[in-house]
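The values are calculated or read from the model by the stated rules, or taken from the named source; none is laboratory data. Here the structure is a predicted model, which means the values were calculated and not measured. Note: ideal-geometry Cβ built from the backbone for every residue, glycine included; neighbour counts use all protein chains shown. These accessible areas exclude ligands, DNA and RNA; they are computed on the full protein's heavy atoms, side chains included. Shrake-Rupley method; radii C 1.70, N 1.55, O 1.52, S 1.80 Å.
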Amino acid sequence: MQNLLLAVLIVMVSCTAPVGSQEIASGLIDSNSIYDNVEFEMPKVKEASFPDFAVNIKDFGAVSDGITKNTTAFAQAMDKVSEHGGGTIVVPRGMWLTGPIIFKSNVNLHLEAGALIQFSKDFDDYPLVETSFEGLNTIRCISPIYADGVENIAISGPGTIDGNGDAWRPVKKSKMTGTQWKSLLATGGLLNEKGDMWFPSESSLKGFQSSSNFNVPDLIEPSELESVKDFLRPVLVSIKNSKRILLDGPTFQNSPAWNIHPLMSEDIIIRNLNVRNPWYSQNGDGLDLESCKNVLIYNNIFDVGDDAICFKSGKDQDGRDRGMPTENVVVKNNIVYHGHGGFVIGSEMSGGVRNVHISQCTFMGTDVGLRFKSTRGRGGVVENIYISDIDMVNIPTDVINFNLFYGGNSPVLESDQSAEREARNEALVQVDERTPAFRNIYMKNITATGSGVAANFQGLPEMNLQNVSLENAVLQAEKGIIAVDTDGLILSNVTVIPSQGAALTFYNSKRIDISNLQYTVTNSPAISVMGELSESIHIGKESIKQQADLKISSEVNGEIIKIK
């Protein structure tokens, strides 16, 4: 399996734009080249290291029959290594059933080849704890892997960690085949009133009925949370308020909610992972990096049920009060298969996101490629984002998507969702701390084929999307590039091949600079300009094959369209 993974990554890297010779030779990014070509001053991430001391969980009575709970054995091994001043807990080949594993500082949990840690389906093993979920301060069940306030920890090796998420998650009927749905109902559980959503227990259903705000029960008193405990699904890996974290090698799969969630932590390295969830998994994100700084993410594979690589920093007032951005992050050489977004920022970004480099990634069949989302009320600033050398194929919706009216819909609408939830509202709203701002975002060397929309840039009327550039791109899609409420968009050496409509459509956008545009359109103008414009759109002479390829709607003053 390791050889196969290496071969796949070598092929993917060889198909992208040229990279450093050392990277080509190995096929994988290494700890030295990870810092190459980063556009901002990136602090060198401090890597976890451990004394030459190891214990085996079998030494503490662990049994690998997949039936016996080994919670006590893991805890005793953790205590032993911690008391020694640090070292490694070895998990050998076998099926190791357990309750939560709670980390202490200076411990490396190492899974050998063939090792499977499978977490218990017994919800009583997971007491309620204070945490943050979907950017809000709340209470959830403790995570199967839990670390709070620790330093110098690692999860390493080629083994597998399974969160037994199917025991926790509600399932929508629309996401399953008829046979799958019938089989699910045969396992027990309950349905909602409409009969289109399955819940594993009465407690889980009650929690859903007690929530108006996504997954945080806000219609009942905190004292009643124990009665909806089954609904309070934990993330598989929760690491918060911690430093020097290394995740290197394992497969993380089948999480109850999000898969990996570093929160308010620093000096993090995430590499060589295989992160998996069923495509139907509710909240089945791969990696949610929240309010963290100094992070490296490279050589990973994601195939998940929601966003794959996602950056957050808290939601609304809770996020603004925390005031901790996600910053100084390098993302290189990752592959994403299914996911709602390949690389995502938001929508919970109220503390801000800044200084991010992402390059040499491949997205295949991901719902959206590059996804940026927020909404009025969030606040926060997303800035200094540098994206390059990204290859995408069969993206069903948008190759690039900025949606500042995000209301929580999946990119591919489900049966219980409506596009009206995220419809534009052109009424100006006063700009204050609740107004989100996205600015200074640079993209280059982007290739996408077989997709839905080449790019959708949508800002707010009162806070336009500002200073975004797209350079050296080839985008083949059903529809072209759309820019709404965008200020300072630069398109340079971009090829747009839509199967219908215009290559470029601008609405209420200004200070647009277009040079060396290549396009293939059928029975449509290449560039369509609509709405109110207050400043010029500059179009390079080489970008218009004939004057008929430029269509200006009647409400626009044509004099502000300048052919350079």
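From its DSSP helices (H runs of at least four residues, each -39,500 (n - 2.57)), the chain gives a residue-normalised ellipticity at 222 nm of -3000 deg cm²/dmol.
Could you look at the chain and say what percent of its accessible area is carbon and sulfur, using a 1.4 Å probe and all protein chains?
It is 48 percent, rounded to a whole number.
The distance between label points at residue 493 and residue 516 comes to 0.4 nm (points 7 Å beyond Cα on the Cα→Cβ vector).
Figure the gain on full extension for residue 534 and residue 180 (residue separation times 0.36 nm, minus the Cα-Cα span) and round it to one decimal in nm.
Working: separation 354, 0.36 × 354 = 127.44 nm, distance 5.48 nm.
Between residue 534 and residue 180, full extension yields 122.0 nm more.
When you filter the GluC sites (Glu not before Pro) in the range 93-184 for DSSP loop state and at most 15 other Cβ atoms inside 10 Å of their Cβ, you are left with 112.
If I stretch the segment between residue 112 and residue 218 completely, what's the gain in nm (0.36 nm per residue apart, minus their alpha carbon distance), one decimal?
Values: separation 106, 0.36 × 106 = 38.16 nm, distance 4.27 nm.
Extending this stretch completely gives an extra 33.9 nm.
GluC sites (Glu not before Pro), restricted to the range 496-564: which are DSSP loop and have at most 14 other Cβ atoms within 10 Å? Provide the component values of the computation, followed by the final result.
Numbers: sites: 532, 535, 542, 555, 559; in loops: 532, 535, 555.
Taking the range 496-564 and a limit of 14 other Cβ atoms within 10 Å, the loop GluC sites (Glu not before Pro) found are 532, 535, 555.
Averaged over its residues, the range 188-259 has an accessible area of 39 Å² per residue, based on protein heavy atoms and a 1.4 Å probe.
The residues of the range 281-380 present an accessible area of 15 Å² per residue when probed at 1.4 Å with all protein chains retained. A Stokes-Einstein calculation at 4 °C with viscosity 1.567 mPa s, built on the Kirkwood radius of the chain over Cα pairs, returns a diffusion coefficient of 53 µm²/s.
Measure up 44/243; 44/373; 293/315; 240/444; 293/332 against 22 Å on the Cα-Cα distance and list the ones that go over. Check vs 22 Å cut-off fails for 44/373; 240/444. Between residue 432 and residue 280, residue separation times 0.36 nm minus the direct Cα-Cα distance comes to 50.9 nm. Accessible surface of residue 320, taken over heavy atoms with a 1.4 Å probe and every protein chain present, rounds to 50 Å².
Which whole-number percentage describes the relative contact order of the chain, with Cα contacts under 8 Å and a sequence gap of 6 or more?
Numbers: 1673 pairs, mean separation 43.8, N = 564.
Taking the mean separation of contacting Cα pairs over the length of the chain, I get 8 percent.
For the range 403-512, trypsin sites (Lys or Arg not before Pro) meeting the loop criterion (DSSP other than H, G, I, E, B) and having at most 15 other Cβ atoms within 10 Å: 424. Applying 1/(1 + (r/R0)^6) with r as the Cβ-Cβ distance of residue 63 and residue 124 and R0 = 30 angstrom yields a FRET efficiency of 0.90.
The mean accessible area for residues of the range 36-167, using a 1.4 Å probe and ignoring ligands and nucleic acids, is 43 Å² per residue. About the centre of its Cα atoms, the range 376-534 shows a dipole size close to 200 debye [charges on the beta carbon of Lys, Arg (+1) and Asp, Glu (-1) only; nearest 20 debye].
For residue 386, what charge total do you get from the other residues with a beta carbon under 14 Å from its beta carbon, if Lys and Arg give +1 and Asp and Glu give -1?
Values: positive: 332, 354, 439, 444; negative: 36, 39, 41, 327, 383, 389, 471.
That works out to -3.
Between residue 548 and residue 31, the distance separating the two model label sites (each 7 Å from Cα on the Cα→Cβ line) works out to 6.3 nm.
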